[in-house]
1. crowded, with 19+ Cβ neighbours inside 10 Å, in contact with a strand residue (DSSP E or B) (Cβ under 9 Å, 6 or more places away or on another chain) and at pLDDT 95 or above: does that describe residue 13?
2. Consider the range 89-124. How many of its residues are over 17 Å from the mean Cα position of the chain (by Cα) and buried (at least 16 other Cβ atoms within 10 Å of the Cβ)?
3. If residue 83 satisfies all but one of (1) exposed (fewer than 15 other Cβ atoms within 10 Å of the Cβ); (2) farther than 16 Å from residue 13 by Cα, what's the number of the condition it fails?
4. Given (1) surrounded by 11 or more Cβ atoms within 10 Å (Cβ to Cβ); (2) more than 18 Å from residue 6 (Cα to Cα), identify the lone condition not met by residue 127.
5. Within the range 97-109, does at least one residue satisfy the condition of being assigned to a helix (DSSP H, G or I), modelled with pLDDT of 95 or more and out of contact with any helix residue (DSSP H, G or I) (no Cβ under 8 Å at 6 or more places or on another chain)?
6. Go through the range 3-42 and count every residue that is touching a residue at least 40 places away in the same chain (Cβ under 8 Å) and in a loop (DSSP other than H, G, I, E, B).
7. For the range 112-151, name all the residues that are part of a helix (DSSP H, G or I), free of Cβ contacts under 8 Å to residues at least 40 places away in the same chain and under 20 Å from residue 42 (Cβ atoms).
8. Do we have residue 76 as surrounded by 11 or more Cβ atoms within 10 Å (Cβ to Cβ), part of a strand (DSSP E or B) and more than 14 Å from the chain's Cα centre (by Cα) here?
């Protein structure tokens with residue numbers, strides 16, 4: 001398994017997955033994929049809801065450095081910044097592969113969050129503070145639940 005954690009040191013990019021959990025971007029390898037290929041493919045699938053070509057994956061891998069690695073057990077997490085994410089967005093846009101969840105391909109973090117219309121694996125994309133002891137206030141969660149049920 002492999003993925004990419006996008007951060008600027010203050011915030012991390014996160015997703016609300018189809019199970020209602022907040023997660024990062026990554027997943028299981030296919031056949032003989034390397035961790036770098038798996039991470040790149042999974043990020044493209046989850047952020048843009050498309051099946052990337054091997055050519056697109058290679059273009060992205062050639063433009064980025066996958067040298068900041070966090071490993072634990074059978075999982076490789078590459079840490080990248082938001083500029084790297086923009087490089088991925090640019091490569092996906094230039095590939096001319098149409099995303100079913102974006103009317104126009106996003107160019108940056110703001111576009112990824114604001115222009116998104118659902119997704120198979122990741123429903124929403126948002127920023128969270130890069131804070132290790134993050135916890136939600138119970139009243140705030142109740143407000144969110146009440147808001148969701150009245151819309």
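The values are calculated or read from the model by the stated rules, or taken from the named source; none is laboratory data. Note that the structure is predicted; figures quoted are calculated from it, not measured. Quick reminder, even Gly has a Cβ in these numbers, built from the backbone with ideal geometry, and neighbours come from all protein chains shown.
1. Yes, satisfied.
2. The qualifying residues number 1.
3. All conditions pass for residue 83, except number (2).
4. Condition (2) is where residue 127 drops out.
5. No, because not a single residue in the range 97-109 is assigned to a helix (DSSP H, G or I), modelled with pLDDT of 95 or more and out of contact with any helix residue (DSSP H, G or I) (no Cβ under 8 Å at 6 or more places or on another chain).
6. Within the range 3-42, residues that are touching a residue at least 40 places away in the same chain (Cβ under 8 Å) and in a loop (DSSP other than H, G, I, E, B) number 5.
7. Once the filter is applied, which keeps residues that are part of a helix (DSSP H, G or I), free of Cβ contacts under 8 Å to residues at least 40 places away in the same chain and under 20 Å from residue 42 (Cβ atoms), the range 112-151 yields only 113.
8. Yes, satisfied.
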